[in-house]
Amino acid sequence: MTTVAKVIELVGESAVGWEDAVHNAIAEASKTLVGITGIEVVNLTASLNDGEIEEYKVNLKLAFGVQEDRL
């Protein structure tokens, strides 16, 4: 049996911090994806307002197993 994973890229956002942005992305993805097996954080960025961080952003790749159709 061959195991196949699909990888998608997401952007998570948070006013609290980068770790919270990661958790937000995973939580939203978990609402529609089954079998998430791992993530890779690709990039960390932030939006500034008057020199202060206003919003933290994280680009991440998320892997999940491909489900076989069952008849």
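The values are calculated or read from the model by the stated rules, or taken from the named source; none is laboratory data. This is a predicted model, so every value here is computed, not measured. Every residue, glycine among them, receives a Cβ derived from its backbone with ideal geometry; neighbour counts consider all protein chains shown.
The set of residues in segment 28-44 being assigned to a helix (DSSP H, G or I) and either under 17 Å from E55 (Cβ atoms) or at pLDDT below 95 (or both) consists of E28 alone. Counting only residues that are touching a Ser or Thr at 6+ places or on another chain (Cβ under 9 Å) and within 28 Å of Q67 (Cα to Cα), segment 26-54 holds 1 of them. Within segment 18-55, being acidic (D, E) and more than 30 Å from V4 (Cβ to Cβ) holds for D20, D50, E52, E54, E55. Condition first: part of a strand (DSSP E or B) and among the charged types (D, E, K, R). Now tell me which residues in segment 45-58 satisfy that. E52, E54, E55, K57 - these are the residues of segment 45-58 that are part of a strand (DSSP E or B) and among the charged types (D, E, K, R).
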